[in-house]
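So the structure is just underneath, and the comments pick up after that.
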Amino acid sequence: MELRIGSTNPAKIRQLALALEPCGVIVRGLTGTRGLPDVAEDHADAEGNARAKATAFAVALDGACLAMDASLFLPDLPADLQPGVNVRRLPGSLGRPGDDEVLAYYGDLCRRQGGKLAVHWVFGYAIGLTDGRCFSDTSSIRRSMVYPPCPERRPGYPLDSLQRDPRTRRRLAQLTGAQEAALWQHTIGVPLQTFVTTTVRRLTAAAEPGSGMPCTRVRTNCADDFGN
């Protein structure tokens, strides 16, 4: 099965491709696609932003679309320093900061906490359909950021130079292809695969005569909590 991803970020497209690979889903990003709508990411949580993007892109592209968004929480820091859905909206910055600015900001937060900072990601993902319906769910993971950042960079995901994989103890930007695949399949892979396959099954069943429509929120009950 092929599924379009509501993103032009190469790192996110690769992340979703690796996470969904075990269940046979082939993903295709929107890089180079013209006429894409400008979707406001102004919801209070990642799931709301994912639903907005999935719905808008599905209608614009005339085909089902998977979108994912993320919220970042830093348990060691006070409420006024919590990024939430505004991971790239840095204090005092005008417009959208680049990867280097994002890395410098979070690296400084980490440094001021003694070189290590606990992070909690909440992922929201949604499948939008051309008729405006949308199916969504969430999952979460925990890991840590460690200062200083490694020299390797992953365009589109600057925090991968700070975040440490608890299995290999390497920064995410340093992982080999096989290690990166294992990372995403063991973290977001399980709940995301369940969400996608469950949604497809329910939509297929709903298309049969006499069947009712499923609810628009698909509960997979999968949340991974990994160590530092």
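The values are calculated or read from the model by the stated rules, or taken from the named source; none is laboratory data. No experiment lies behind these values; they were computed from the predicted model shown. Cβ placement follows ideal geometry from the backbone for every residue including glycine, while neighbour counts extend to all protein chains displayed.
Among the criteria (1) at pLDDT 95 or above; (2) within 18 Å of L66 (Cβ to Cβ); (3) part of a loop (DSSP other than H, G, I, E, B), the one Q193 does not fulfil is (3).
So that you can scan it fast, the table gives a plain yes or no per residue for (1) touching a Ser or Thr at 6+ places or on another chain (Cβ under 7 Å); (2) more than 15 Å from E47 (Cα to Cα); (3) among the β-branched types (V, I, T); (4) assigned to a strand (DSSP E or B):
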site: V87; (1), (2), (3), (4): no, no, yes, no
site: L94; (1), (2), (3), (4): no, yes, no, no
site: Y106; (1), (2), (3), (4): no, yes, no, no
site: R111; (1), (2), (3), (4): no, yes, no, no
site: G114; (1), (2), (3), (4): no, yes, no, no
site: Y125; (1), (2), (3), (4): yes, no, no, yes
site: D131; (1), (2), (3), (4): no, yes, no, no
site: R142; (1), (2), (3), (4): no, yes, no, yes
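Considering only segment 44-54, I want to know if a residue exists there that is part of a helix (DSSP H, G or I), within 19 Å of the chain's Cα centre (by Cα) and surrounded by fewer than 20 Cβ atoms within 10 Å (Cβ to Cβ).
Quick first cut of segment 44-54, residues part of a helix (DSSP H, G or I) only: 46-54.
Within this subset, residues satisfying the condition of being within 19 Å of the chain's Cα centre (by Cα) are 46-54.
Checking which are surrounded by fewer than 20 Cβ atoms within 10 Å (Cβ to Cβ) leaves us with 48.
Taking every residue of segment 44-54 in turn, at least one turns out to be part of a helix (DSSP H, G or I), within 19 Å of the chain's Cα centre (by Cα) and surrounded by fewer than 20 Cβ atoms within 10 Å (Cβ to Cβ).
Considered as a group, the residues in segment 146-184 that are free of Cβ contacts under 8 Å to residues at least 12 places away in the same chain and hydrophobic (A, V, I, L, M, F, W, C) include one that is surrounded by the fewest Cβ atoms within 10 Å (Cβ to Cβ), and that residue is A178.
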